[in-house]
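Taking it in order: structure first as structure tokens, then the write-up.
Please treat every number below as a calculation from the coordinates, not as lab data. This one's a predicted model, so the numbers in the text were calculated from it and none came from an experiment. Reconstructed Cβ throughout: ideal geometry from the backbone, glycine too, with neighbour counts over all protein chains shown.
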Amino acid sequence: MQLVIFGPPGVGKGTLSDMLANKYRIPHISTGDIFRNEIKSGNSELIEYVEKGLLVPDMVVNKVVENALKQESCRNGFILDGYPRTTDQAEFLENVLWKLKKKVDLVLNLVASDEEIVKRLTARRNCGKCGAAYNLITMKPKKKDVCDKCGNALVMRKDDEPETVRKRIQVYNEETAPLVDYYKKKKILFDIDASPRPKEVFNSVIKAVEREIPEPQ
Ligand SMILES: [Zn+2]
């Protein structure tokens with residue numbers, strides 16, 4: 001089963017993807033993770049773009065994703081997170097899958113109000129030293145503003161300040177709108193309310209998957 005997952009920053013895409021990967025025994029493919037790994041293993045093309053702070057062109061991104069999808073681990077499917085980002089990439093993906101005699105079965109579009117996302121992201125804290133992640137709503141440190149693991153001070157990422165979060169949501173919405181239309185026309189996009197707890201969101205996704213893909217492999 002080939003799933004694509006969309007959702008603004010902070011909506012819980014990573015958690016949900018991992019839960020789905022577990023249930024259906026398919027890999028969670030995050031392009032963010034792939035890029036980090038490629039860079040670590042010395043993909044010079046990627047490194048150059050990243051070092052210069054340039055947007056990685058479709059051609060380069062596509063090639064990286066194509067290689068990932070051709071791996072044996074994706075034989076029974078995958079959950080793709082962070083790709084496609086443009087309709088050109090969506091068409092490329094369709095082409096790659098077609099060659100593998102596959103298709104995107106379902107696009108899960110995680111939806112939450114801007115306010116909910118701002119609330120969640122501005123509650124994130126990280127340890128300035130060891131990097132441990134906390135959340136003032138869902139995963140509080142034992143002692144206020146102090147890391148449970150190493151005792152150093154917790155900090156807020158610049159990215160998570162309210163104004164920046166609002167901008168990130170806006171950029172995300174603008175970027176994704178054409179893709180949402182693209183997959184709506186194909187009748188494989190489903191909006192999933194991401195405001196309840198992760199377990200409930202997971203259950204509504206399972207219902208959609210079982211309804212739309214009657215015989216998951
Ligand atoms: Zn720490």
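GNM remark for the chain: springs join alpha carbons under 10 Å apart, and the peak mean-square fluctuation among 46, 16, 110 falls on 46.
Over all pairs of different C-alpha atoms, the chain has a mean inverse distance whose reciprocal, the Kirkwood radius, equals 18.7 Å.
Could you tell me the calculated FRET efficiency between residue 98 and residue 47, based on Cβ-Cβ distance and R0 = 22 angstrom, to the nearest 0.05?
Approximately 0.10, to the nearest 0.05.
For the stretch 134-217, the square roots of the Cα gyration tensor eigenvalues, ordered a ≥ b ≥ c, give a/c of at least 1.5 with a/b no greater than b/c, which places it in the oblate category. As a proxy for reagent exposure, ranking 180, 11 by other Cβ atoms within 10 Å from fewest up yields 180, 11.
For the chain, a Gaussian network of Cα nodes joined below 10 Å ranks 89, 71, 170 by mean-square fluctuation, and the top entry is 71. With only the Cα atoms considered, the stretch 17-72 has a convex hull volume of 91 Å³ per residue. Cβ-Cβ distance of residue 170 and residue 115, R₀ of 22 Å, FRET efficiency by 1/(1 + (r/R0)^6): the value works out to about 0.95. Annotation for residue 144 and residue 163: the two label points, set 7 Å from Cα along the Cα-Cβ direction, are 2.6 nm apart.
Put in line by how crowded their Cβ is, counting other Cβ atoms within 10 Å and starting with the fewest, 147, 130, 74 read 130, 74, 147.
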